[in-house]
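Every number here is computed from the coordinates shown, using simple stated rules; none is lab data. Because the structure is predicted, anything quoted here is derived from the model rather than measured. So basically every Cβ, Gly included, is an ideal-geometry build from the backbone, and we count neighbours across all protein chains shown.
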Amino acid sequence: MTLDVEQESAGRHAVVRRAIALNRLTIGWNAVEGFTAIAAGVAASSASLIGFGLDSGIEVSAALVLAWRLHQERRDGCQLPADDRARRLIAMSFAALAAFVSISACRDLIGQHEPEASTIGIVIAALSLLVMPLLAAAKKRLAISLGSQAAVAEAAQTNVCTMLSAALLVGLSANAILGWWWADPVAGLAIAAVAAWMAWRTFTADSLEHTCCG
C-alpha cells in the first residue's frame, strides 16, 4: 500500500515538472510574440495586431498565475482554494482583453481608420498558427492529469491564441492583398468575442471531477 502511494506521488511530481516546463515555454514564447506584435501593430495602426499582442501579454499573465498555482502545490500539496483563485484570475484576464479590443475595433470601424499592411504581423500570425495548437494540446493533456481547472483554463487560453492567430492572419492578409481596411477591426472584434466567451466559460467552470484538490 505504501509503495502504491509513493508511486502515485512520484507520478504526480513528474506531471507537475512537465507542466512547469511547458509553462516556462509559454511565458518565453508569448513574451517575444506579444512585444513584436504590439510594436508591429502600433507601427501599422492595426487594432487586431495590437489586440493579438495584448492577448499574448495576457497569456503570459495567465501562465504566471498557473506558475503560482504549481508552486503552491509543490509547497503545500494540491489545494482547491488556490486552484479556484488562479482560475478566476485567468477569467478576469480574458474579460480585460475583450473590453479593450472591442473598444479599439469599434472606434476604428466607426472612424473608418485604415491600417497599413503589416508583413511582420502576417508572419507572426502564421508562426503562432503553427506553434499554438501543439502547445495547447500538450498542456491540456497535463491539465487533465493534474486535475486542475486552472490548468485547463490556461491551456484554453493557448487554444484561444490559435483561433486568434487564424482571425488575425485572415484580417491582415485581406487588408494587405485586397485593401479591405475593415477586415482588420472586424478581426479585432472576433478576437474580443472569443475572449469574452472564454472569460464567461472560465469563470463559471466547475472543479474537475477527478482531482487531487479536496
**Report entry** For segment 45-50, 3J(HN,Hα) per residue [Karplus equation, 6.51 cos²θ - 1.76 cosθ + 1.60, θ = phi - 60°, Hz, x = Gly/Pro]
**Finding:** 6, 9, 5, 5, 6, 5
Report summary line: With 0.36 nm assigned to each residue of separation and the Cα-Cα distance removed, Trp180 to Ala21 gains 53.1 nm
Query - Added length on full extension, which subtracts the Cα-Cα distance from 0.36 nm per residue, Cys106 to His13 - result: 28.8 nm
Report summary line: Everything considered on the Cα gyration tensor (a ≥ b ≥ c; rounded for a/c under 1.5, else prolate if a/b is larger than b/c, else oblate), segment 16-74 must be described as prolate
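Computed from the mean reciprocal separation of all distinct C-alpha pairs, what Kirkwood hydrodynamic radius does segment 2-203 have, in Å? Let's see the in-between values first.
Values: mean 1/r = 0.0580 Å⁻¹.
Its Kirkwood hydrodynamic radius stands at 17.3 Å.
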Query raised in the report: Which FRET efficiency value, to the nearest 0.05, do you get for Arg141 and Ala96 by plugging their Cβ-Cβ distance into 1/(1 + (r/R0)^6) with R0 = 41 Å?
Result: 0.90
Report summary line: So for segment 126-203, using the alpha carbon gyration tensor with a ≥ b ≥ c as root eigenvalues (a/c under 1.5 gives rounded; past that, a/b versus b/c decides prolate or oblate), I'd call it oblate
Report summary line: Farthest towards the positive end of the dipole of segment 2-203, among Leu134, Ala192, Ala99 and with Cβ unit charges of +1 on Lys and Arg and -1 on Asp and Glu, lies the Cα of Leu134
Query raised in the report: Can you work out ³J(HN,Hα) from phi for every residue in segment 61-70, in order, using Karplus 6.51 cos²θ - 1.76 cosθ + 1.60 and θ = phi - 60°, giving whole Hz and x for Gly and Pro?
Result: 5, 5, 5, 5, 4, 5, 4, 5, 4, 5
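Which peptide among 38-44, 149-155 comes first, and what is the full order, when sorted by highest mean count of other Cβ atoms within 10 Å?
On the way: 38-44: 18.4, 149-155: 26.6.
Sorting 38-44, 149-155 by mean packing, highest first, produces 149-155, 38-44.
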